[in-house]
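Read the structure below first, then the notes.
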Amino acid sequence: ALIVAPTSLMANWRNEAKRFTPDLKVVVMQGAERHQRRAQVEHADLILSTYPLLSRDAQALRAQAWSWLVLDEAQNVKNPRTKAARLIRELKTDHRLCLTGTPLENHLGELWAQFDFLMPGFLGDARQFKLRYRTPIEQHGEPEAREELARRVAPFMLRRTKDAVATELPAKTEIVRAASFGAAQAQLYESIRIAMDKRVREAIAKQGLARSHITILDALLKLRQTCCDPRLLKLAQAGQVKESAKLEMLMELLPELLEEGRRVLLFSQFTQMLGLIEGELTQRGIRYSKLTGQTRKREEAIAQFRGGEVDLFLISLKAGGVGLNLPEADAVILYDPWWNPAVETQAADRAHRIGQNKPVFVYRLLVENSVEETIVGMQDKKRALAEAIYRGQAQRGEALFDADSLRALFAPVGES
C-alpha cells in the first residue's frame, strides 16, 4: 500500500504504524537516502511518500502495482492541474482512498477534484460538474441541485465525527476574546480601509467581480495584518504606530493561562506574527517551543513540548494545523481568524483528540468592529455549505464574495 501525505506528517505516520501495526514492514521514501531504500519497496507492506516527491519518483511509482493508494490530507490535490494531482491518477492500484478533515475548503470544485481521482467520470468532467452543480449551488442556492449532489456522493463518504469516534473525550469550550483598537491603530486601519476600498471598486469596475478576487484578497490581507499587528505591514505609516490591541490582549491572557498550569498551543497564519510574539515572550522570560515551515528539527520541537520542557507551543497554521497529536495541551489560542472554519477546527483539535483527559478551552482572538468580525460571520456560510453536502441538507449556498459581503468587509470601523 502506498500512503501519500504532507512532508510534515511522515514521522507521525511512521510512529502510528509502529504503534498500531508493529508487524507491518514500513518503508519511508523521504530524503536523499530514499533511493538506497528503493530495493526494499517490493518486500514492504506500507510505503510512505510525500506530495512534493511524487514527481521526482514518478518513474518508480508508475512501475509498481499497488493494492492500495491512500491520500492523507487529500485536499492537497484539490487542483487537478498540478503535477502531483496528474501523477496519482496514472498509478496502477486496486483501491483508492482519500483521508481528509476538510474535503471542501473553499468551493465545490475541490470536492470534484478528489472524486475525480477516486472514481474518474463519476461526477463528470470539470465543465459538466460546474454546469450541473457548482453554479446552481454556489451562485443560485438551488436546493434541488444540492440534494442531488449530496445523494450522489453519500454512499462513498464515510464521515466519522469526533462525537461518534471518541465518545470519552472531555468537553471543548470555545471562547471569543475581542480587543478594541486604540486611537492610532484605528486611524491606521481606517486609512488603509479607505485606500483598499477604492482599489477594489476600481478593479471590479474594470474587470468584474469574478476576475478581481486576487485584488480583493490582497486588500483584505492588509486589513487583517493591521488587526494582528501594524508591524506586519510593509508601509511607512504603519511603522509609526507603536500599539497592537490584539497583541496586548494576548499578553494579558497568556501569562494567566500559564500561571493556572495550563499547557497552551498558540496558532497564527502569519509566521512573522509568531516572531513578534516571540519577542514579547523573551522580554517576559516565558519559555516556549516553535513550529513553522522553516523549522528543520520538527520532531525535536514537538518533543520539547510533549515532554514537558515548555508549556507553550507556537505553531504556524500551515505547518502544524493538521497531523499533530498534542493531547498534552489543554488550551488553544487562535490568534487570527481564517476564512474556513474547518481549518480552524482542525488546528484546535490538535489538543482535543484521543488521549486527552482534561477539558479543552479554545480562545479565538479578534478585533471588534473590524474585518475580523465579518470573517467570523462569513465562516457560518462556509460551515452551512459543507454541512449541506455532508448531510444532504438543502440550505442556501453563497459565493465567498458578493456585493453585500464586500460592503461588510470594507465597512468603516464600528459599522461592520
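The values are calculated or read from the model by the stated rules, or taken from the named source; none is laboratory data. The structure displayed is predicted, hence computed values, not measured ones. Every residue, glycine as well, gets a Cβ built from its backbone with ideal geometry; the counts of neighbours run over all protein chains shown. These area figures cover heavy atoms from the full protein model, side chains too; ligands, DNA and RNA do not enter into them. Shrake-Rupley method; radii C 1.70, N 1.55, O 1.52, S 1.80 Å.
Taking region 271-297 as the range and being open to solvent by less than 40 Å² (accessible area, probe 1.4 Å) and touching a strand residue (DSSP E or B) at 6+ places or on another chain (Cβ under 8 Å) as the test, the residues that pass are Leu274, Ile277, Glu278, Leu281, Ile286, Ser289, Leu291, Thr292. Among the residues of region 153-170, is any over 30 Å from Lys92 (Cα atoms), open to solvent by less than 60 Å² (accessible area, probe 1.4 Å) and in contact with a helix residue (DSSP H, G or I) (Cβ under 9 Å, 6 or more places away or on another chain)? Taking every residue of region 153-170 in turn, at least one turns out to be over 30 Å from Lys92 (Cα atoms), open to solvent by less than 60 Å² (accessible area, probe 1.4 Å) and in contact with a helix residue (DSSP H, G or I) (Cβ under 9 Å, 6 or more places away or on another chain).
Can you find a residue in region 134-141 that is surrounded by 17 or more Cβ atoms within 10 Å (Cβ to Cβ), small (Gly, Ala, Ser) and at pLDDT below 90?
No; the residues of region 134-141 include none that is surrounded by 17 or more Cβ atoms within 10 Å (Cβ to Cβ), small (Gly, Ala, Ser) and at pLDDT below 90.
Of all residues in region 79-98, those satisfying the criterion of being among the hydrophobic types (A, V, I, L, M, F, W, C) and closer than 14 Å to Thr50 by Cα are Ala84, Ala85, Leu87, Ile88.
A single entry from Ala171, Ala178 fulfils the requirement of being under 17 Å from Glu372 (Cβ atoms), among the aliphatic types (A, V, I, L, M) and in contact (Cβ under 8 Å) with a residue 60 or more places away in the chain: Ala178. Among the numbered criteria (1) closer than 30 Å to Gln240 by Cβ; (2) among the aliphatic types (A, V, I, L, M); (3) touching a residue at least 24 places away in the same chain (Cβ under 8 Å), which one does Ala183 miss? Status for Ala183: all satisfied but (3). Summed over region 251-262, residues that are more than 21 Å from Glu328 (Cα to Cα) and either at pLDDT 95 or above or surrounded by 14 or more Cβ atoms within 10 Å (Cβ to Cβ) (or both) total 1. Say we look at region 275-328 and pick out the residues that are touching a Gly at 6+ places or on another chain (Cβ under 9 Å) and acidic (Asp, Glu); which of these is nearest to Lys358 (Cα to Cα)? Going through the qualifying residues, I end up with Glu328. Taking (1) closer than 21 Å to Arg159 by Cβ; (2) open to solvent by 50 Å² or more (accessible area, probe 1.4 Å); (3) free of Cβ contacts under 8 Å to residues at least 60 places away in the same chain; (4) assigned to a helix (DSSP H, G or I) in turn, Arg62 satisfies each apart from (1). Taking each residue of region 201-229 that is within 17 Å of Gln269 (Cα to Cα) and looking for partners that are open to solvent by 50 Å² or more (accessible area, probe 1.4 Å) and in a helix (DSSP H, G or I) with beta-carbon atoms closer than 8 Å, six or more apart or interchain, yields Ala219/Arg199. Filtered by the rule that a residue be of a type in the set (Lys, Arg) and surrounded by fewer than 20 Cβ atoms within 10 Å (Cβ to Cβ), region 75-90 gives Arg81, Lys83, Arg86, Arg89. Of the residues screened, Lys242 is one that is assigned to a loop (DSSP other than H, G, I, E, B), farther than 28 Å from Ala348 by Cβ and in contact (Cβ under 8 Å) with a residue 40 or more places away in the chain. Among the candidates Leu223, Leu265, the residue that is within 27 Å of Leu406 (Cα to Cα) and crowded, with 20+ Cβ neighbours inside 10 Å is uniquely Leu223. When Leu97, Leu123 are checked against the criterion of being touching a Leu at 6+ places or on another chain (Cβ under 9 Å) and closer than 23 Å to Thr345 by Cβ, a single residue qualifies: Leu97.
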